[in-house]
Each structure stands twice: as structure tokens, then as C-alpha cells.
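The values are calculated or read from the model by the stated rules, or taken from the named source; none is laboratory data. Just so we're clear, the structure is a prediction, and the values are computed from it rather than from any experiment. For neighbour counting, all protein chains shown are included, and Cβ atoms are generated from backbone atoms with ideal geometry for every residue, glycine included.
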Amino acid sequence: MDSIEVTKVSTAVLVAGIAYFLTGLIGANIVSPERPARPAIEIKGATPETPSGPAAEAALAPIGPLLAAADPAVGEATFKKLCTSCHTANAGGKATVGPNLYGVVGGPHGHMEGFNYTAGLKAKAGPWTFDELNEWLHKPSSYVSGTRMTFAGIANDKSRADVIVYLRGLSPNPVPLPAAEPAAPATK
């Protein structure tokens, strides 16, 4: 390739870059997004104060009755499938991406010494209760703002209860399960 062809290729690349830049600049000045005064599609029952869709989270089912019927073997299988890529769960185990979860139920929120927990998790006082683990496993980002845990959560109530009962058993002195509340009397 002689120097005239190198000059032609360089000029073509330069002109293409300038054209791309100018097209973007002109397009940004011509099209200016503006929010409509009212939504294009009205959703019945939704107001700005009461959002609908994914942002409107339903309350979690009470965890007590679910724990009474939970299966730790199923919880172990779910844990191995969803959690072992980031967590270990053996006595004296080391942290990987996340902390070791041995003894987490009933332990403090920052239970593993030396692990770099986020400020939001460090600010949580008290032990990991069954209800708190239920919220955390449902959607970690809702339980602690700014968490580094990218796991989306376990949507199924029974699956969460199974995992919590499995984690409860990972302790020399497991925390007792909450007393099962009696069923409400049937109304006529």
C-alpha cells in the first residue's frame, strides 16, 4: 500500500467520525424529550400515590406457618442451586464473594468477622430473625439499600421458608422455630 492509499483510508475514517459526531449533535438538538402532562395509558385504580405494577410490592406472607411446613432437605438443594456460587455454609468456612453463612440465623447482621459488609447492612442492629431473613431472601435490594448482593431474590414463599429452615440447622445450637399460630376460626 502506498502513502496515497493510507491517506485516503485515514481521511475516510476521519470524515466518517465527524459525520457521526455531527449527526448525533444535530439529532440531540432536534429531538428534545418532554414528559406528557398525563399518561398515555390510564391504569384503573393507579394514581401517583398508589403505583401499580412491579413497583407496588405485595406484603410477604407470614413466615411462621411456612417454617412449620418447611423441608430443610429441599432448602439445602435450593441453597446449593442458588447460593453456593457466592457463599459457603460450613463451620469455620471462608468467605468467597459473600460471607460464610454458618450460624447466620440468630447471629448479628454482620456475623462474619473480617468480611467487608456494606454500610447499610452494618447499620442493621440485632440478629437475623426469621422475618428479616424472609425479607432479605425475598429481595435483598429492598431490605438493604445499596447492598452489593446482586441476587434478585427468591419469589416463592415456600422456597424461602425451606432455605431459612436449612440455614437454621447450620448451627451447633439452632434457634427454635416460632410457635405456629393457630388457624383462624371459620366464619359462617
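Among the listed residues PRO182, PRO99, which satisfies the condition of being modelled with pLDDT under 90 and not basic (Lys, Arg)?
Going through PRO182, PRO99 in turn, the sole match is PRO182.
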**Prompt:** Condition test on THR84, is it farther than 18 Å from PRO62 by Cα, at pLDDT below 90 and part of a loop (DSSP other than H, G, I, E, B)?
**Reply:** no
**Request:** Give the stretch 70-88 a look and list any residue that's more than 20 Å from the chain's Cα centre (by Cα) and among the β-branched types (Val, Ile, Thr), or say none.
**Result:** VAL74
**Prompt:** Filter the stretch 17-52 for residues that are in a helix (DSSP H, G or I) and among the aliphatic types (A, V, I, L, M); which is modelled with the lowest pLDDT?
**Reply:** ALA28
**Message:** Against the conditions (1) exposed (fewer than 13 other Cβ atoms within 10 Å of the Cβ); (2) within 20 Å of the chain's Cα centre (by Cα), where does ALA91 fall short? Just the number, please.
**Reply:** (2)
**Request:** Among residues belonging to the stretch 109-160 that are acidic (Asp, Glu) and either part of a loop (DSSP other than H, G, I, E, B) or without any contact (Cβ under 8 Å) to a residue 40 or more places away in the chain (or both), point out the one that is surrounded by the most Cβ atoms within 10 Å (Cβ to Cβ).
**Result:** GLU132
**Message:** Looking at (1) within 22 Å of GLU76 (Cβ to Cβ); (2) modelled with pLDDT of 90 or more, which one does TYR117 not meet, given that it meets all the others?
**Reply:** (1)
